Amino acid sequence: MPRTVEYTNDRLILHLSGLTSAAALKRQVDIPFKNIKKVSIEDFKLSMFQFRVGTSVADIREGRFLIGNKWCFISYENHKDVVVLELEEHEFGKVVFQIDHPEEIKQRILEQTVRL
């Protein structure tokens with residue numbers, strides 16, 4: 001998988017590798033657990049014409065996308081069952097990513113945010 005999640009004591013780090021990192025123009029996104037206000041798994045279809053800094057081809061979305069008045073980081077090849085993190089006091093309003101076993105990832109993030 002071109003995306004992996006690393007958990008530290010106080011943050012989640014989304015790592016991107018290979019062509020995914022090139023398409024997104026970013027290798028990692030650091031997200032302090034204290035900035036996560038909601039975690040969900042959704043169908044997050046985004047128009048290919050959405051203003052962006054990154055890649056938007058077919059169903060692939062990689063990079064920064066302007067949604068409303070907030071920049072969001074999005075990384076997926078399939079918009080179904082992606083992890084959506086709603087953030088506060090962060091450079092991104094949302095971080096949306098595709099990953100294997102999204103339910104497990106969601107649960108682990110929820111456990112980490114409850115600890116704080």
| note | Counted residues in segment 49-69 being modelled with pLDDT under 95, open to solvent by 70 Å² or more (accessible area, probe 1.4 Å) and not small (Gly, Ala, Ser) come to 5
| query | Among the residues of segment 9-47, which ones are open to solvent by 70 Å² or more (accessible area, probe 1.4 Å) and either part of a loop (DSSP other than H, G, I, E, B) or at pLDDT below 95 (or both)? | reply | Asn9, Asp10, Leu19, Leu25, Arg27, Asp43, Lys45
| query | In segment 62-91, which residues are touching a Leu at 6+ places or on another chain (Cβ under 8 Å) and part of a loop (DSSP other than H, G, I, E, B)? | reply | His79
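With respect to His101, is the statement that it is at positive phi and without any contact (Cβ under 8 Å) to a residue 40 or more places away in the chain true? Write out each step before concluding.
On the way: at positive phi: yes; without any contact (Cβ under 8 Å) to a residue 40 or more places away in the chain: yes.
The answer is yes for His101.
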| query | Has segment 53-61 got any residue that is closer than 22 Å to Asp81 by Cα and in a helix (DSSP H, G or I)? | reply | no
| request: May I ask you to list the residues in segment 9-36 that are of a type in the set (D, E, K, R) and within 14 Å of the chain's Cα centre (by Cα)? | output: Arg11, Lys26, Arg27, Asp30
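Suppose we keep only residues that are in a loop (DSSP other than H, G, I, E, B) and touching a strand residue (DSSP E or B) at 6+ places or on another chain (Cβ under 7 Å) within segment 92-105. Which one would you say is surrounded by the most Cβ atoms within 10 Å (Cβ to Cβ)? Spell out how you get there, then give the answer.
Restricting attention to segment 92-105, the residues satisfying the condition of being in a loop (DSSP other than H, G, I, E, B) are 92-93, 98-101.
From the residues that got through so far, the ones that are touching a strand residue (DSSP E or B) at 6+ places or on another chain (Cβ under 7 Å) too are 92-93, 98-99.
On the way: Phe92: 20, Gly93: 17, Gln98: 22, Ile99: 19.
The selected residue is Gln98.
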| query | Of all residues in segment 7-29, how many are touching a residue at least 60 places away in the same chain (Cβ under 8 Å) and hydrophobic (A, V, I, L, M, F, W, C)? | reply | 3
| query | Would it be correct to say that Arg108 is open to solvent by 70 Å² or more (accessible area, probe 1.4 Å) and either part of a strand (DSSP E or B) or touching a residue at least 60 places away in the same chain (Cβ under 8 Å) (or both)? | reply | yes
| remark: When Leu87 is run through (1) among the aliphatic types (A, V, I, L, M); (2) over 15 Å from Met1 (Cα atoms); (3) loosely packed, with under 13 Cβ neighbours inside 10 Å, the failure sits at (3)
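The values are calculated or read from the model by the stated rules, or taken from the named source; none is laboratory data. Quick caveat: nothing in here was measured; it's all calculated off a predicted structure. Methodologically, a virtual Cβ is constructed for each residue, glycine included, from the backbone with ideal geometry; neighbour enumeration extends over all protein chains shown. In case anyone asks, the SASA skips ligands and DNA or RNA and just uses the protein heavy atoms, side chains included. Shrake-Rupley method; radii C 1.70, N 1.55, O 1.52, S 1.80 Å.
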